[in-house]
1. Tell me whether the range C:198-219 contains one or more residues that are surrounded by fewer than 24 Cβ atoms within 10 Å (Cβ to Cβ), in a helix (DSSP H, G or I), of a type outside the set (S, T, N, Q) and touching a Leu at 6+ places or on another chain (Cβ under 6 Å).
2. D:Ala48 is checked against (1) closer than 14 Å to A:Ile44 by Cβ; (2) surrounded by 22 or more Cβ atoms within 10 Å (Cβ to Cβ); (3) more than 9 Å from chain E (Cβ to nearest Cβ) and fails just one. What number does that condition carry?
3. Taking the criterion of being within 8 Å of chain E (Cβ to nearest Cβ), under 30 Å from A:Ala60 (Cβ atoms) and not hydrophobic (A, V, I, L, M, F, W, C), would at least one residue in the range F:26-40 satisfy it?
4. So which residues in the range B:109-146 are free of Cβ contacts under 8 Å to residues at least 24 places away in the same chain, under 13 Å from F:Pro77 (Cβ atoms), facing chain F (nearest Cβ under 7 Å) and assigned to a strand (DSSP E or B)?
5. Look at D:Ser41 and say whether it is outside any loop (DSSP other than H, G, I, E, B), surrounded by 24 or more Cβ atoms within 10 Å (Cβ to Cβ) and not aliphatic (A, V, I, L, M).
6. Scan the helices (runs of 4 or more DSSP H) fully inside the range A:1-73 and keep the ones with 2 or more residues being within 30 Å of A:Phe96 (Cβ to Cβ).
7. May I ask you to list pairs of residues, at least six apart or on different chains, whose Cβ atoms are under 9 Å apart, with the first in the range B:44-66 being within 11 Å of chain C (Cβ to nearest Cβ) and in a helix (DSSP H, G or I) and the second being exposed (fewer than 12 other Cβ atoms within 10 Å of the Cβ) and modelled with pLDDT under 65?
8. Pick from E:Ile69, E:Ile59: which is more than 7 Å from chain D (Cβ to nearest Cβ) and at pLDDT below 90?
Amino acid sequence: MTLVMVLGAALMLVGFWGLITRQNMIKMVLSLAIAETGLQLIMIAVGYINGGTAPILDSAVDKLSAVQQVVDPVPQALVLTAIVIGVAVNALMLAFIIRLYQKKHSLNISDYKDMKW
Amino acid sequence: MKQSTFSLARLLVLVSLAVVLALFYAIWTHSTDPGNLSIIFLTALLVAAVFSDARKMPAFTLRKILYSLAYILFLIKEIIKSNFDVARRVIQPVMPINPGIVPVKTKLKSPIGRMILANSITLTPGTLTVDVRDDHFYIHWIDVTDRDEQGATQAIVSGFEKYLEVIFG
Amino acid sequence: MVRKSIALALMTGLAFILASILGDWSPMERLSGVAYDYVAHGASDLGAMNLVTAIVVTYRGLDTLGEVTVLFLAASGVAVLLRRADGEQQEKTQSKRAASEIVTTGASLLSPFIVMFGAYIFLNGHLSPGGGFQGGAVIASAVLLLFLAHPDYKLRHDVLNIIESFSGFTYVLVGLLGLFLAGGFLDNRFLPLGAYGTILSAGSIPLIYTLIGLKVGTELAGILENMKGRAL
Amino acid sequence: MENILTALLSLIILIAALAAIYLRNMISAILAAGLVSLFASILYLLMAAPDVAMTEAAIGAGLSTVIFLLAFRKTRDEEVENG
Amino acid sequence: MADLIIYIAAGVALLGVVLASARMVKGPSVADRTVALDTLTVITISLMAMIALFAERVIYLDVALVYGILSFLGVIAVARYLEGGL
Amino acid sequence: MEWYRLAGSILSLLGAMFLFLGALGVWRMPDVYNRMQTGTKSTTLGSILTLFGLGVYHPQWMGQMLILMLFIAVTNPISSHALARAAHHIGVPLTKKSVVDELVEEEPPQESMAEMEEV
């Protein structure tokens, strides 16, 4: 368990804590974004190899001995798209919030109890 | 992104903007491969075509280029001076500041010239451009020595304007 | 109070789960399994220097297609949600403060460079870090700069829609070409691999990344404009 | 050096994340979230993931801040109108 | 020797990061926090260039360039929001 | 050791000290505008010196460093100016030590809305 993994786990906890305890809906989306960052940090930390370098084979990395030098590129490829998707999904959630606000003029999640189930 | 009529001047602007953009690429990647450069130049032409409608080609003369070089040197000197000034103020236990907002007057008309003037003022000793209205700049001055408009103009602007009037005149 | 203690209990549980998952994890010493294969053969097989690009575009190309679809759905979702229905009251048009002259000039000076830099990022995606997603985000940032400098700026929706549909369609088409002419869906080797290290290498990877970049850029710009609100 | 850098940045990121959740002023919270993204990008670079760092930079520098700001403005304007 | 001096420089820049972050957390008004964020992004660009030097990879500079070009967008966005122009 | 490496690293150290001074100013100065002054000037010169020093240390990277320096020098004052204008518009007060504010006489500041936006 590396330091960055601890940080990622702590960020996830902080994000979910905010998601549960905050009443303001925009704050909840913000908390979710922070939890997302924590998860992405954990994924990158899983792919890290001590002393490894970036998986880009330019003049600094020898093509033949690259296997010994570079870090795992697969988690990086997954996280890369996840960040862009994350921002688009956040925008979608915020669009829902704007729409809800136009109905009831409140950002407090407790005012939407009638929408349960 | 309106289509304006085709003219030689517009083509010149387009090509020169594209050359500048492609030059940045060449410096950034140290690329000398002709295939790379031609592709990047085509892309740069495409980008320039989107952005080139409102631009005018500045006329280059030897005098302007010399003044630009002199201006850059002057600016570097001022920036270094300003940083030692800031350092002196920040380190002391009781900060010797005497701030205020004063107006100054500028003669420049060209938008880019005015932007460079405002940015230069922001980067030089103890001054920060807060607002721009017509020919008045409002400057936050960390050590107000002259509340009068003429005096402030003399102290803050005239050093730069001397060069910028020639370059963007 | 009850609510808070329930939340605290949930957090403790989650912390326990995370600790048990990550606790006995020790850092890898060397690449293993599929990653070893990608690193060992990626550069020589596909001609891409950036192995992340090779994975995103080719080895896991179907994932990327799915992710582009999710992005498209999110963007259309924002557009549908924020479109004004006919009967609804008009949003109060209030005058927005104009941007400072310095910001306006700076925006028009810098936006060509930002767009060019975005184009550089996706054209060089197989040589240096970056690619379609990053380049698209940078191009959307240029649009954002225009919005910040000119509050009443209107994008040409027809042009945006054409670019977006065209790039999405061509992306799938290029994938199908790979299926028929080379090994599989989104295989990049139906175009010549070219000289290692130049833009026109790695088969169809630069083409695919350009299309992804245009698509992501137009979609993010569309999201921005819909969030901003059209009626001004 | 890298360890010190990582430890210090982790500490600041945690504080900023807590600030993003607990600050009463929404704009400050959005800015704190931007700080989290900024330092996360340095951590990605330290872990040899320049592609991810670049994505985080391109998204976090402008786009995500602005999307939150726009949403917040849209849920404020009418509040003023309706009293 | 030269490497050591650059390590020290990175340490000094990190002290700056700590101070600006403290202002970011403390800052009484939104404008103070935005100033702190602006300072932090600029320091970050230098830190990223130093990390590129430690790792001996020129490609890491691309990330620094993204911040160099885009970092002012966030600050201008907040400023335009505050003055009611967004 | 080559002499240029030493020179480059010393330039970088100098730049880092200016970055630190800028942050110190952001921490110590009494109001927003003075913080902006140090925050802009010192960090601009600091990052320019640091990047230039790294370029001297590693001469192949000089081109990239020059482009980075150019962008920082253009964008940093613009953002600072935009922020100062916004802060003055919403009426963030100047410090008590201020001697004169000519801008306020032309345009009375709006009530400080951003500060009230609590949730």
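1. No - not one qualifying residue is present in the range C:198-219.
2. Exception for D:Ala48: condition (3).
3. No - not one qualifying residue is present in the range F:26-40.
4. Within the range B:109-146, B:Leu128, B:Thr129 meet the criteria.
5. Yes, satisfied.
6. A:3-21, A:25-47
7. B:Val50/B:Met1; B:Phe51/B:Met1
8. Sole residue among the options that is more than 7 Å from chain D (Cβ to nearest Cβ) and at pLDDT below 90: E:Ile69.
The values are calculated or read from the model by the stated rules, or taken from the named source; none is laboratory data. Remember, it's a predicted structure, so these values are computed and weren't measured experimentally. Because the Cβ atoms are built from the backbone with ideal geometry, glycine has one as well, and the counts that use them run over all protein chains shown.
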